[in-house]
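What follows is a set of notes on a single structure, which appears directly below.
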Amino acid sequence: MFNQMKQITLAAGLTLAVAAGPAGADVPNVATDVAPVQSLVARVMGDLGAASVIVRPGASPHGYALRPSEAGSLQAADAVFWIGPSLTPWLEGAITALAPDATVVPLLEAGGTHLLDFRTEAAFGAAAHGSHDHGDHSDHDDHGDHHHQGTDPHAWLDPQNAQVWLDVIAQKLSDLDPENAQTYAANAQAGRAEFAALEAQIAHALAPVQDTPFVVFHDAFQYFEHRFQLAAAGAIAHSDASDPGPARVAEVRRIVQDSGARCVLSEPAFNPALVQTVIDGTSVRTASVDPMGSDIAPGAAFYPALLRSISAALTDCLK
Ligand SMILES: [Zn+2]
């Protein structure tokens, strides 16, 4: 596919003509979907190279339009690491069309990933505050009114998943670039140790507020809640960030009052008016928390900074 003019027309009428440059190095060109995944790849690649990210900072990955420069990074990619179609359904066709020969790795499907089901209820209830682990997605449980509509895609917010994925990324890059296999493996191992320490630090920081209820904006923090056993009481919007209807907003108002929630989280990518509607007439606090870390600089240090920022916002709002 090198030295070859590619012309591809997307459904939107977008036409691209990209001449791939000469393949100078053996280090693969890597594209990623979102900043947390880019950070994990950057951790594994170290000084060997940089990975591009498709979803720009501040945008929601759930609904997005691919720009020409982002399509170009897919066309140039030897490897694409992404969460998977449940986070970015719009990306699946673009990967197939633009990177047909690339090694494509949906991280949610990697063995050893801790997966949690998509939650449909506005109120999380007691089931959300437990230490049970769905190590295997077929591990169906006994929640009577539990609707299975697939997997909650926000799995990067469990630092143990990040550890698993570092090894997956190192393995796939080594397959493409065996000369640097030792470097990829060593970087992944160092990252795993760093993330294990990070998890212990965050658990320690959150321990005093573990039982204090809060409500999130969209249901994006389930993996974080489970890993650190937090008392999230509900979400204004679903995990796919679709607009909640008036009935759900009214229900969340009741949840805020009945649960004794201390804090309702807003998110920079979404409408703050809904949070005001939910807390109107109460003394509940709000804090802005971003599961995508849009104000954090991209790169290897992004991932630990993202988890620390969520922990800091929660400890501050819930104290
Ligand atoms: Zn989301």
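The values are calculated or read from the model by the stated rules, or taken from the named source; none is laboratory data. Note that the structure is a prediction, hence the values are computed from the model and not measured. Don't worry about glycine lacking a Cβ; one is built from the backbone with ideal geometry, like all the others, and counts go over all protein chains shown.
Side notes on the structure shown:
- Among the residues listed as 274, 265, the single one being within 16 Å of the ligand (Cβ to nearest atom), out of contact with any Cys (no Cβ under 6 Å at 6 or more places or on another chain), in a helix (DSSP H, G or I) and under 26 Å from residue 151 (Cβ atoms): 274
- Hits in the range 60-99 - residues which are in a loop (DSSP other than H, G, I, E, B), of a type in the set (A, V, I, L, M), within 22 Å of residue 293 (Cα to Cα) and touching a strand residue (DSSP E or B) at 6+ places or on another chain (Cβ under 8 Å): 83
- So residue 59, is it touching a residue at least 24 places away in the same chain (Cβ under 8 Å), away from the ligand (no atom under 16 Å from the Cβ) and not hydroxyl-bearing (Ser, Thr, Tyr): no
- Inter-residue pairs, beta-carbon under 7 Å, first farther than 18 Å from residue 70 by Cβ and in the range 18-36, second modelled with pLDDT under 50 and of a type in the set (S, T, N, Q), 6+ apart: 22/3
- The set of residues in the range 103-120 that are of a type in the set (D, E, K, R), modelled with pLDDT of 90 or more and within 27 Å of residue 248 (Cβ to Cβ) contains only 117.
- Within the range 229-265, the set of residues being at pLDDT below 95 and polar (S, T, N, Q) comprises 239, 242, 257, 259.
- For the range 197-211, a tally of residues being touching a Pro at 6+ places or on another chain (Cβ under 8 Å) and either exposed (fewer than 14 other Cβ atoms within 10 Å of the Cβ) or of a type in the set (Ser, Thr, Tyr) (or both) returns 0.
- One residue from 60, 39 being closer than 23 Å to residue 241 by Cβ, crowded, with 24+ Cβ neighbours inside 10 Å and of a type in the set (Ser, Thr, Tyr): 39
- Qualifying residue in the range 64-71 (condition: buried (at least 23 other Cβ atoms within 10 Å of the Cβ), among the aliphatic types (A, V, I, L, M) and either away from the ligand (no atom under 16 Å from the Cβ) or modelled with pLDDT under 95 (or both)): no
- Filter result for residue 214 (buried (at least 18 other Cβ atoms within 10 Å of the Cβ), touching a strand residue (DSSP E or B) at 6+ places or on another chain (Cβ under 8 Å) and either under 17 Å from residue 154 (Cα atoms) or free of Cβ contacts under 8 Å to residues at least 24 places away in the same chain (or both)): no
- One residue stands out in the range 79-93 among those that are surrounded by fewer than 20 Cβ atoms within 10 Å (Cβ to Cβ) and away from the ligand (no atom under 16 Å from the Cβ): the one that is nearest to residue 270 (Cα to Cα), namely 92.
- Extreme residue, farthest from the ligand (Cβ to nearest atom), among residues of the range 236-247 that are surrounded by 17 or more Cβ atoms within 10 Å (Cβ to Cβ) and more than 15 Å from residue 284 (Cβ to Cβ): 244
- Of 225, 194, 199, all but one fail to be part of a helix (DSSP H, G or I) and within 16 Å of the ligand (Cβ to nearest atom); the exception is 225.
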